[in-house]
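Visitor: One structure follows; several queries about it will come next.
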Amino acid sequence: MGINMDEIDKLYQTINEAKSIVVFTGAGISTGSGIPDFRGANGIFIDKGHQYTLPPEEIVSHHFFYENTKDFYKFYKEKMCFREAKPNSAHLYFASLEKKGKNVTVVTQNIDGLHQAAGSSRVYELHGSIHRNYCEKCNKFFDLDYVLDHEGVPYCDKCGGLIKPDVVLYEEGLDNDMCERAISAIMTCDTMIIVGTSLRVYPAAGFVRYFKGKNLILINKDKTSYDGTCDILINDDIINVVNKLNEKEHSTL
């Protein structure tokens, strides 16, 4: 079953008429860049082939980071850091809306930094970023290359302190300032586009409840608990949807 072109037409018109857009993204937008969806059919959270005996939720937890730092970093580097990943057509599409003069805010659960790499200027990363890493002693900043190129556990080259990724681990709370900015954007936009997320990870998934605008759009391959509340629902891969939107854009020029 292909994409309903009537829904594409409606989506295209809605985006064109929108004054203020929030794009709320999950792992599904980055699968086209070679980054696995944690909870998808081939996601690392149900990968039976890995050599780890503990569930990933345990390995990427706050207590595991400090109690088993070497094992944490082995998993983190192998399963969560994708240095060669590039923005795909979906990241580029939402960045292009901003270039066309649209007021676009990206609120993402992803830690891959691909929205910024695509050119989006206002990105609120609810779960942090693999590209920011800090020494816990002196707070010196380190990029992803330093962490990945450092054999085993990375330590600060200035004071020798332990380096921690600026990502929200299990058992850790979200950054209050980041949450307030994201919620403010959601509350004041007229159009919210939810992309590639199961809407099962809280508290981030609960942010959708703050939307009071006109158009709630959900694009996700699998069903979610919010499907029945959307103005536009497309159960397909965002790459396919963006391809159709781009085709329509070119046909109207």
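The values are calculated or read from the model by the stated rules, or taken from the named source; none is laboratory data. Just so it is clear, the model here is predicted, and its values are computed rather than measured. In this analysis, Cβ positions are derived from the backbone assuming ideal geometry, glycine residues included, and neighbour counts consider all displayed protein chains. Accessible surface areas use protein heavy atoms only, side chains included; no ligands, DNA or RNA. Shrake-Rupley method; radii C 1.70, N 1.55, O 1.52, S 1.80 Å.
Visitor: Need the failing condition index for Glu172 against (1) touching a helix residue (DSSP H, G or I) at 6+ places or on another chain (Cβ under 6 Å); (2) open to solvent by 30 Å² or more (accessible area, probe 1.4 Å); (3) more than 17 Å from Phe65 (Cα to Cα), just the number.
Guide: Going through the list (1) touching a helix residue (DSSP H, G or I) at 6+ places or on another chain (Cβ under 6 Å); (2) open to solvent by 30 Å² or more (accessible area, probe 1.4 Å); (3) more than 17 Å from Phe65 (Cα to Cα), Glu172 breaks only (3).
Visitor: Among the residues of region 96-116, is there at least one that is farther than 23 Å from Ser20 by Cα, assigned to a helix (DSSP H, G or I), open to solvent by 70 Å² or more (accessible area, probe 1.4 Å) and not aromatic (Phe, Trp, Tyr)?
Guide: So far as region 96-116 goes, no, none of its residues is farther than 23 Å from Ser20 by Cα, assigned to a helix (DSSP H, G or I), open to solvent by 70 Å² or more (accessible area, probe 1.4 Å) and not aromatic (Phe, Trp, Tyr).
Visitor: Now, a different point. Among the residues of region 170-184, write down those that are in contact with a strand residue (DSSP E or B) (Cβ under 7 Å, 6 or more places away or on another chain) and within 12 Å of Leu126 (Cβ to Cβ).
Guide: Those that are in contact with a strand residue (DSSP E or B) (Cβ under 7 Å, 6 or more places away or on another chain) and within 12 Å of Leu126 (Cβ to Cβ): Met178, Arg181, Ala182.
Visitor: Within region 188-207, work out how many residues are modelled with pLDDT of 95 or more and farther than 18 Å from Val123 by Cβ.
Guide: Qualifying residue count, region 188-207: 1.
Visitor: Moving on to the next point. Go over the candidates Asn68, Asn139 one by one and state the one that is open to solvent by 20 Å² or more (accessible area, probe 1.4 Å) and out of contact with any helix residue (DSSP H, G or I) (no Cβ under 9 Å at 6 or more places or on another chain).
Guide: Asn139
Visitor: Test each condition in (1) modelled with pLDDT of 95 or more; (2) open to solvent by less than 40 Å² (accessible area, probe 1.4 Å); (3) not in a loop (DSSP other than H, G, I, E, B) for Gln13 and report the one that comes out false.
Guide: Here Gln13 clears every test but (2).
Visitor: Looking at (1) in a strand (DSSP E or B); (2) open to solvent by 30 Å² or more (accessible area, probe 1.4 Å), find the lone condition where Met192 falls short.
Guide: Met192 satisfies all of (1) in a strand (DSSP E or B); (2) open to solvent by 30 Å² or more (accessible area, probe 1.4 Å) except (2).
Visitor: Go through region 208-228 and count every residue that is more than 11 Å from Met192 (Cβ to Cβ), surrounded by fewer than 18 Cβ atoms within 10 Å (Cβ to Cβ) and touching a strand residue (DSSP E or B) at 6+ places or on another chain (Cβ under 7 Å).
Guide: 1
Visitor: Taking into account only those residues within region 161-189 that are assigned to a helix (DSSP H, G or I) and free of Cβ contacts under 8 Å to residues at least 24 places away in the same chain, which is nearest to Pro56 (Cα to Cα)? Walk me through it before giving the result.
Guide: Of the residues in region 161-189, the ones assigned to a helix (DSSP H, G or I) are 176-188.
Narrowing the set further to residues that are free of Cβ contacts under 8 Å to residues at least 24 places away in the same chain leaves 176-177, 180, 184.
On the way: Asn176: 25, Asp177: 27, Glu180: 28, Ser184: 32 Å.
Filtering first and then ranking leaves Asn176.
Visitor: Here's another thing I want to ask about it. Here are Leu216, Leu199: which of them is farther than 30 Å from Glu136 by Cα, over 15 Å from the mean Cα position of the chain (by Cα) and hydrophobic (A, V, I, L, M, F, W, C)?
Guide: Leu216
Visitor: Further question: Among the numbered criteria (1) within 20 Å of Ile15 (Cβ to Cβ); (2) at pLDDT 95 or above; (3) open to solvent by 30 Å² or more (accessible area, probe 1.4 Å); (4) touching a helix residue (DSSP H, G or I) at 6+ places or on another chain (Cβ under 9 Å), which one does Asn246 miss?
Guide: Answer for Asn246: the failing condition is (2).
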